[in-house]
2 protein chains.
Amino acid sequence: MKSVSFDKIKLGGFWKDRFETNRDSTIPSVFDRFSDTGRFKAFECNWKEGDPFKPHFFWDSDVAKWLEGAAYSIALSPDKELEKKIDEVVDLIEKNQGEDGYFNIYFTVVEPEKRFSNRDCHELYCAGHLTEAAIAYYNATGKDKFLLLMRKYIDYIYQVFLVEDSAGFSTPGHEEIELALIKLYDCTGEKKYLDLSAHFINTRGTSEKDSGIPDWSNQLYFQSDEPVRNFIRAKGHSVRACYLYSGMADLAAKTGDKELLEACKRVFDNIAEKQMYITGGVGATCNGEAFTEDYLLPNDLAYSETCAAIALAMFARRMSAIEPNSKYDDVAEAAIYNCILSGVSLDGKSFFYVNPLEINVKKYNQHKKWYKASHNLLTQRVEVFGCSCCPPNIVRFIPSIGDFIYTYNDSTVFVHHYIESEAEFDGVSIIQKTEYPNEGDIKFTVKGMAGDCIALRIPGWCDYFTINGKPFSGEMRNGYAFVNIDNDEQDIELYLDMETRLVSANPEVEANIGRVAVCRGPVVYCAEEIDNGNVPLNNLIIDSNYEAEIKFSHDFNSYVISVNGFEDTPSDKLYSTYDPNAVAERKLHFIPYYAFANRGESDMLIWFRIR
Amino acid sequence: MKSVSFDKIKLGGFWKDRFETNRDSTIPSVFDRFSDTGRFKAFECNWKEGDPFKPHFFWDSDVAKWLEGAAYSIALSPDKELEKKIDEVVDLIEKNQGEDGYFNIYFTVVEPEKRFSNRDCHELYCAGHLTEAAIAYYNATGKDKFLLLMRKYIDYIYQVFLVEDSAGFSTPGHEEIELALIKLYDCTGEKKYLDLSAHFINTRGTSEKDSGIPDWSNQLYFQSDEPVRNFIRAKGHSVRACYLYSGMADLAAKTGDKELLEACKRVFDNIAEKQMYITGGVGATCNGEAFTEDYLLPNDLAYSETCAAIALAMFARRMSAIEPNSKYDDVAEAAIYNCILSGVSLDGKSFFYVNPLEINVKKYNQHKKWYKASHNLLTQRVEVFGCSCCPPNIVRFIPSIGDFIYTYNDSTVFVHHYIESEAEFDGVSIIQKTEYPNEGDIKFTVKGMAGDCIALRIPGWCDYFTINGKPFSGEMRNGYAFVNIDNDEQDIELYLDMETRLVSANPEVEANIGRVAVCRGPVVYCAEEIDNGNVPLNNLIIDSNYEAEIKFSHDFNSYVISVNGFEDTPSDKLYSTYDPNAVAERKLHFIPYYAFANRGESDMLIWFRIR
């Protein structure tokens, strides 16, 4: 299977808007906040004790993701001013890179004597992100300076970790470099990069040298409690985990390592079937930003980091590129249209790190004080975090969304996602005309595919679909409808039914017992207090004989939904005789989850009672 | 208002059984466990470093409560063997009491140099419990040795704390002595004991010397963050709090201090209206064994200590003795028939410290690890705890239950609780024939009350009652039906309707949203997995058009209840389209909450879904 890179695809509609917001608002805003907080200046590598803005050991990666995202944006929408900003950073890297190729801000200016000694200090993670940025910039502009600097650094890492084994640890505490090395291998054809990725993946969970971990942590947190091929479920820090799984999938794809692929499949199924929020969020707890136990998915205390949803989508995309299966696309889509987009405000300038599925500010503060783990819930997005990994992850995710749409082999093009776009690759042209995710109609015009198949994913949420106006009677396999293409230019009309639907969770998910979520297409809906008369959202009940009305909202560029139901009119006594009639009929009003918290602070709820 | 002491009352029926179990099983069992763990031997005051059973600073109080309970039992059911055991302890106290009157095991043998220096070391709490025991033994037997020893100790405490103010702190870290001193004042007529109680109560929250508290704590934990007359809600360690409130109520009753009484009323109302479990349990969190925020009453993580329920019942009894109001009796009754009785097994030999309202062992362990405060939930009662305050509190509570029944003034006898019994006091005789709490019929035969009133409490849970077979048309005040007594011997028949009912909680109680509890009379019911086909209890739903069947269980000496409802037949997928028909009709089976966990480990639930 081959993938189609985002730069072969011209976005329209929903994602063109998102791309433009990212380009015009998010990229400059994150640049400004990173400038304000000294992150760009840190590349001058002249910080000394007493100066403001002491570099943190993850700052390289924050800027690297911004560089990568800016490069993707330039690839689709050239911008010489933006290139200049990138070039300035590249010049600073060149200036401050060691003779040996080493480059890391923190270990150059703060603790130079501790280079490659502390497994939890993100050096290899930063190197991976800088490498991804360099590749992106090379692909976007053809300029190879950044790429060559990073190759020099990676060559040094190869020497230290693979040839000499002279570092204080064997594998990265924060994974990411594994997948970056595969990209570098793809970009350069240099096999040592593939070998180094394989080394990091295969050594993980096996090395005595990796036993030096911080007190607050454990090997499970680092996905190092066992060799990766033994994995049967997702464990530990969720962003690290999903980056590792992505690297494992990449390596399996390159090497045909079936055992490794099986481990990826087990982990993926565990996430999708037992550890994922309906929003595609993962890493349920703040306690280690981690995966927890199967089905332990609290709503108010969901950690569900934006970066983790992005990393999960990356993992899912890789799995579907290896063995197309709509279950992978369903997970990617859930993350994309819910937990990832909720990570950024509609104006593109502010961000969530944590994406809760319920906000009840008063209750949250009570519970936190008396019962629950530390947490960093914000009820409003902010422009920058101390640990500001999520904003630049949005910066790079949005413009590269096109990566998700197509894979192909000799006989079939798989359409994994429906996005208004025009694609050109390998002699094939595919135009998708659609208002997805608002509408379920997708009109394809394909050229250059006569005699081949187009495999259209039928999403798991879709109970009814037609192709060219008729129920489909052709081949369905792994969730795709295989449509033969007879003509050199051919139109195909796919209709995916997008009735508003109510979704239940497995009753093992304690928080959702007796509750349902309102969904439409891939979009999960939530209710905010401000649209619902400012009554406590848990007083509202959906009628199981519900009727849903949809109305287009220009504010959200999406439908909003009203459902009939009830409002409790409870006694104000602590305990009182149950009165089945103490409810009043009313409408409940929902907006897309991704659009919540864009109108000031408001309580929010996804999972509603039903009767 | 005068109170009627338990020793004026001969118990029958439900409480006679409980008394006998306490006498024949609980008293010997706790004696044996306290012997096993060195608590009795500790009174020899010859422990030295290296010996087993190092005394803890609360051990005096553990044994004191056992002594008090044994004395109450002897008062109703003479037992020379038991007296001998008590006398042996008294002899040891006499032998090891200081010349100055001081007696405390820990500060005699472990840290003698630290006497009265550490506010959190329970010295005054132990002194209070020993004093209560001494009074009880004096009242039961007429033997005054124990009482005189304790008077000598209290006189010394008076000197140290009130005359010299020479201790390292001003008021007890663990309250209890305040109410014991009032009892001692009642017993001896010695006003200095009243003064000392008033001193401890009035000084609380005002003394610089009390600022020395442990790091893990704060003044709120100790009810010392403000003067007691400022209290507007219940705060801090719930057992300490309710013992203090009991002492405050006693002091207000003795002195007519209206300001103090108003503080008691505010605190009581806060507990009853916002901080009490339906079981009468209080102190919702393990974090400080404390009251929390209003309406924060989780079921699975309920701390709800047995001692706290006992202390709340004590507080409620005192309030109702000052100003009879059925709201006080309702709270006492809720605690008595639910959280207090759940604290001891049906065979009288094992105990709960924590009384959860939900047990789901698997979920509990998951939640604890990832989200929640440390906790010490046990799913089975045990015979002794390291901190074994609750078992001997049961030992003393059960035989003195008669204290709760009556108060009286010149014109009226108030019946606060319905208990099969014969009472003789002040020329009055009252016989109650009843199978309460199993049945709502109570037949009174009263003598010596011609021209007076009997005021019968109509419980808050009772929607319909008759007196002498007819709806009552006489005076109702503060929840009592005032019945005039015309004859020297007169029968009165009270009927309290005891239909099974469903109870809702205020929706501010997040854990109970959309849920109901099954209740009958004062008894809260729960379901155990073993009676319900071993399905997850949260899969079961009560039908809002329910019909309840009751059946007498000889195992529980109580009715068990079956209610029609539904069982979810959920999809095993993580998320699936809501299916309103995915339920099967079935019966749900309930037992009294106080009888749970008597047949091996089983999940348990009180608050059920309803539809």
### Task
Could you please tell me which pairs satisfy a Cβ distance under 7 Å, a separation of 6+ or placement on different chains, a first residue in region B:531-548 that is of a type in the set (A, V, I, L, M, F, W, C), and a second residue that is not in a strand (DSSP E or B)?
B:L537/B:E529; B:L537/B:D603; B:L540/B:N532; B:I541/B:R611; B:A548/B:T500
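Rundown of residues vs (1) buried (at least 16 other Cβ atoms within 10 Å of the Cβ); (2) under 31 Å from the mean Cα position of the chain (by Cα); (3) closer than 21 Å to B:A511 by Cα; (4) within 14 Å of another protein chain (Cβ to nearest Cβ), yes/no style:
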| position | (1), (2), (3), (4) |
| --- | --- |
| A:Y525 | yes, yes, no, yes |
| A:A548 | yes, yes, no, yes |
| A:F552 | no, yes, no, no |
| A:S562 | yes, yes, no, no |
| A:E567 | yes, no, yes, yes |
| A:S571 | yes, no, yes, yes |
| A:Y578 | yes, no, yes, yes |
### Task
Among what's in region B:300-326 and is at pLDDT 95 or above and more than 16 Å from the chain's Cα centre (by Cα), pick the residue that is nearest to B:S5 (Cα to Cα).
B:A321
### Message
Going through B:E499, B:E489, B:E493 one at a time, which residue ends up being of a type outside the set (S, T, N, Q), under 30 Å from B:S342 (Cβ atoms) and at pLDDT 95 or above?
### Response
B:E499
#### Entry: Pair list, Cβ < 6 Å and 6+ apart or interchain, from region B:265-286 residues that are facing chain A (nearest Cβ under 10 Å) to residues that are outside any loop (DSSP other than H, G, I, E, B)
B:A272/B:V331; B:I278/A:Y575; B:I278/B:A517; B:I278/B:V524; B:T285/A:W370
### Task
Please find, within region A:431-461, the residue that is farthest from A:R501 (Cα to Cα) out of those that are assigned to a loop (DSSP other than H, G, I, E, B) and of a type in the set (A, V, I, L, M).
A:A450
### Task
Within region A:209-263, track down each residue that is at pLDDT below 95 and of a type in the set (G, A, S).
A:S211, A:G212, A:S217
#### Entry: Where B:N538 falls short, out of the listed (1) in a strand (DSSP E or B); (2) within 14 Å of another protein chain (Cβ to nearest Cβ); (3) more than 24 Å from the chain's Cα centre (by Cα)
(1)
#### Entry: Subset of region B:387-410 [in contact with a helix residue (DSSP H, G or I) (Cβ under 9 Å, 6 or more places away or on another chain) and in a loop (DSSP other than H, G, I, E, B)]
B:C387, B:S388, B:C389, B:I398, B:P399, B:S400, B:I405
### Task
Collect the residues in region B:283-323 that are in contact with a helix residue (DSSP H, G or I) (Cβ under 8 Å, 6 or more places away or on another chain), over 20 Å from B:G247 (Cβ atoms) and not hydroxyl-bearing (S, T, Y), keeping them in residue-number order.
B:A284, B:N287, B:E293, B:D294, B:L296, B:L297, B:P298, B:N299, B:D300, B:L301
### Query
Can you tell me which residue in region A:508-519 is modelled with the lowest pLDDT, limited to those that are of a type in the set (D, E, K, R) and either buried (at least 23 other Cβ atoms within 10 Å of the Cβ) or assigned to a loop (DSSP other than H, G, I, E, B) (or both)?
A:E508
### Residue under evaluation B:C519, criteria (1) under 26 Å from the mean Cα position of the chain (by Cα); (2) touching a residue at least 24 places away in the same chain (Cβ under 8 Å); (3) away from chain A (no Cβ under 14 Å), criterion not met
(3)
### Task
Go through region B:411-427 and give me each residue that's aromatic (F, W, Y) and closer than 23 Å to B:V331 by Cα.
B:F414, B:Y418
### Task
Kindly indicate the residue of region A:453-507 that is small (G, A, S) and away from chain B (no Cβ under 14 Å) and also surrounded by the most Cβ atoms within 10 Å (Cβ to Cβ) among those meeting that condition.
A:A455
### Task
State whether one or more residues within region A:374-386 are assigned to a loop (DSSP other than H, G, I, E, B), more than 14 Å from chain B (Cβ to nearest Cβ) and among the aromatic types (F, W, Y).
yes
### Message
For region A:589-610, which positions are β-branched (V, I, T) and within 14 Å of another protein chain (Cβ to nearest Cβ)?
### Response
A:I606, A:I610
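Here is a yes/no grid of residues against (1) outside the structural domain of A:E190 (by TED's automatic domain parsing); (2) within 25 Å of A:D195 (Cβ to Cβ); (3) crowded, with 19+ Cβ neighbours inside 10 Å:
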position: A:F107; (1), (2), (3): no, yes, yes
position: A:E111; (1), (2), (3): no, no, no
position: A:K114; (1), (2), (3): no, no, no
position: A:R119; (1), (2), (3): no, yes, yes
position: A:H129; (1), (2), (3): no, yes, yes
position: A:Y137; (1), (2), (3): no, yes, yes
position: A:A140; (1), (2), (3): no, no, yes
### Message
So B:N557 passes all but one of these: (1) more than 14 Å from chain A (Cβ to nearest Cβ); (2) closer than 22 Å to A:D543 by Cα; (3) at pLDDT below 95. Which condition number does it fail?
### Response
(2)
### Message
Only one of B:A334, B:A309 is within 10 Å of another protein chain (Cβ to nearest Cβ) and aliphatic (A, V, I, L, M). Can you tell me which?
### Response
B:A334
### Query
Quick check: is even one residue across region B:300-310 touching a residue at least 60 places away in the same chain (Cβ under 8 Å), closer than 30 Å to A:Y221 by Cβ and surrounded by fewer than 23 Cβ atoms within 10 Å (Cβ to Cβ)?
yes
### Query
Counting just the residues of region A:580-605 that are of a type in the set (A, V, I, L, M, F, W, C) and part of a loop (DSSP other than H, G, I, E, B), which one comes out farthest from the chain's Cα centre (by Cα)?
A:A582
## Note on the structure
Result of the Cβ filter at 8 Å on region A:61-86, keeping first residues that are of a type outside the set (G, A, S) and partners that are outside any helix (DSSP H, G or I) and at pLDDT below 95, at least 6 apart or interchain, is A:D62/A:S388
### Task
Kindly establish whether B:I154 is farther than 21 Å from B:R240 by Cα, β-branched (V, I, T) and either part of a helix (DSSP H, G or I) or modelled with pLDDT of 95 or more (or both).
no
#### Entry: Flag if A:S166 is more than 27 Å from A:G69 (Cα to Cα), of a type in the set (S, T, N, Q), at pLDDT 95 or above and over 29 Å from the mean Cα position of the chain (by Cα)
yes
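The values are calculated or read from the model by the stated rules, or taken from the named source; none is laboratory data. All of these numbers come straight from a predicted model, not from anything done at the bench. In this analysis, Cβ positions are derived from the backbone assuming ideal geometry, glycine residues included, and neighbour counts consider all displayed protein chains.
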